[in-house]
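Encoded as C-alpha cells, the structure appears first; notes follow it.
The values are calculated or read from the model by the stated rules, or taken from the named source; none is laboratory data. Not measured: the values here are computed from a predicted model. Note that each Cβ is placed from the backbone with ideal geometry, even for glycine, and that neighbours are counted across all protein chains shown.
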Amino acid sequence: MSETVGVAATARPRVSAKFRLQWEDAQQSWVLLYPEGMVKLNASAGEIMKRCDGSRSVDELVAELERAFEASGLHADVMNFLDMARKQHWIEM
C-alpha cells in the first residue's frame, strides 16, 4: 500500500499551519478556522482531522480509527478524505 489517490500510506499528515482545528461547542462539531472563515467538519472528518498531528502515518491513523470504532475496511475512505483535505490545503504531509 504505498500510494492511493495521491496520498502515501507512510505520509504523516498534520493540520496545515494556515488552519486551526478546534472543537466548537456552539456548532457541536470540529471546525477548521482560518482568517477568512470556518469550515464545519462532519463527525467522520473531525475524527480523522483530530488525528492529523504529524505523529502517525496514514496507515497508523487508519488502524487507530478502525480500533476506536470497531470497524474494518476504512482505508479507502480515509485515503479519499485525506486526498481531498490535501487538495483543499487543510493538511500537509
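Okay, residues lined up against (1) at pLDDT 95 or above; (2) out of contact with any helix residue (DSSP H, G or I) (no Cβ under 7 Å at 6 or more places or on another chain):
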position	(1), (2)
GLU3	no, yes
ALA17	yes, yes
LYS40	yes, yes
ALA43	yes, yes
GLY46	yes, yes
PHE69	yes, yes
HIS75	yes, no
ILE91	yes, no
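With respect to the stated conditions, ASP59 fails to be more than 14 Å from ALA9 (Cα to Cα) and either out of contact with any Phe, Trp or Tyr (no Cβ under 8 Å at 6 or more places or on another chain) or among the charged types (D, E, K, R) (or both). Scanning the stretch 22-50 for residues that are over 17 Å from ASP83 (Cα atoms) and surrounded by 11 or more Cβ atoms within 10 Å (Cβ to Cβ) yields a total of 11. Looking across the stretch 1-54, the residues that are touching a residue at least 40 places away in the same chain (Cβ under 8 Å) and of a type in the set (S, T, N, Q) come down to THR4, THR10, SER16. The residues in the stretch 67-87 that are under 15 Å from LEU41 (Cβ atoms) and either in a loop (DSSP other than H, G, I, E, B) or of a type in the set (Phe, Trp, Tyr) (or both) can be counted, and the count is 1.
Restricting attention to the stretch 76-89, the residues being out of contact with any strand residue (DSSP E or B) (no Cβ under 6 Å at 6 or more places or on another chain), surrounded by 19 or more Cβ atoms within 10 Å (Cβ to Cβ) and touching a residue at least 40 places away in the same chain (Cβ under 8 Å) number 0. The conditions of being modelled with pLDDT of 95 or more, part of a loop (DSSP other than H, G, I, E, B) and surrounded by 13 or more Cβ atoms within 10 Å (Cβ to Cβ) are met by ARG56.
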